[in-house]
């Protein structure tokens, strides 16, 4: 294979079904993989399943953490683990300085520990080749939620996509393909112009009060408070909000509840609605990233 990982030892710490696909591919490419936080599974054939973080991190060239990473206290997301996996100072001190640590997005607590121990942090959630492909299962999952919750079809609905980044672009295109009347709220003039070119109704943030009363479903992609209480007050009672931004999202959820508006926070949809596809995305990206980071040490 073009990205041969022979001679490289990796630790895969926690995760979900995405990591099952990823580990299988890493092994196929020749890596020695130690896994913690999983029971025996056919996809893990060839991996060394260990029972502790210390065993997993001993002698590895690089560490792979789940896309959701850890909570604010260093607890790794590991849905199959029988005990919590906690990355603390004592654990990370076992790694050699300069060891690459891959993660989707790192919380401040972990970021500080990594800096303190001179490890190398690589956050992959914002890499285009990951984020753009992940926008596909994200959009499908968000629309699936809307289809299950709304009393109307997506076809013919008035849908507002807040934000026109990677996920917003895919969401808007998919909604339009399903027959929705698509509004897009964006800040950049170039994005608003692209909306016109794509057949969406562009909305400046200052213009939101004019369009919100007619909107039937909102998909928020912005991880800042954009749907505040004043904007929520303008929505019809049957409007649905699907917020796919990273927790805590961009919606005032208490205000929505008080107004009788159903608002759903739904981050991390790829691993929930299409784990095999999401795992394949990681499996395609990680070998090259690992070699790139390890080769830096040899230059």
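Miscellaneous remarks
- Cα centroid separation, the stretch 24-91 to the stretch 228-272: 34 Å.
- Think of it as helices only: each DSSP H run of n ≥ 4 in the chain is worth -39500 (n - 2.57), and spread over all residues that comes to -11500 deg cm²/dmol at 222 nm.
- Stretch gain in nm, segment residue 112-residue 84, where the contour uses 0.36 nm per residue and the Cα spacing is subtracted: 8.0 nm
- Compared with the dominant principal axis of the Cα atoms in the chain, helix 128-149 is inclined by about 50°.
- Stokes-Einstein translational diffusion, the stretch 130-267 - Kirkwood Rh over all Cα pairs, 1.306 mPa s, 10 °C, in µm²/s: 109
- Footprinting exposure proxy ranking of 221, 99, 174, 251, fewest other C-beta atoms within 10 angstrom first, gives 174, 99, 251, 221.
- Antiparallel DSSP beta bridges within the chain, as percent of all bridges there, nearest 5: 5
- Using alpha-carbon coordinates, inclination of helix 189-198 to the longest axis of the chain, degrees: 70
- Inter-label distance for residue 197 and residue 276, nm, one decimal - labels placed 7 Å from Cα along Cα-to-Cβ: 3.7
- Ranked by the mean number of other Cβ atoms within 10 Å of their residues, highest first, the peptides 120-129, 285-294, 72-81 fall in the order 285-294, 72-81, 120-129.
- Those residues of the stretch 118-146 whose amide nitrogen sits under 19 Å from the label point placed on residue 284, 7 Å along Cα→Cβ: 124-141
- Cα gyration tensor category, rounded, prolate or oblate, for the stretch 117-202 with a/c compared to 1.5: oblate
- Residue separation of residue 206 and residue 238 scaled by 0.36 nm, minus their Cα-Cα distance, works out to 9.2 nm of gained length.
- Per residue, the convex hull volume that the Cα atoms of the chain enclose (Å³): 153
All of the numbers you see were taken from the coordinates with simple rules; none came from a lab. Keep in mind the model is a prediction, meaning the values are calculated, not measured. Note that each Cβ is placed from the backbone with ideal geometry, even for glycine, and that neighbours are counted across all protein chains shown.
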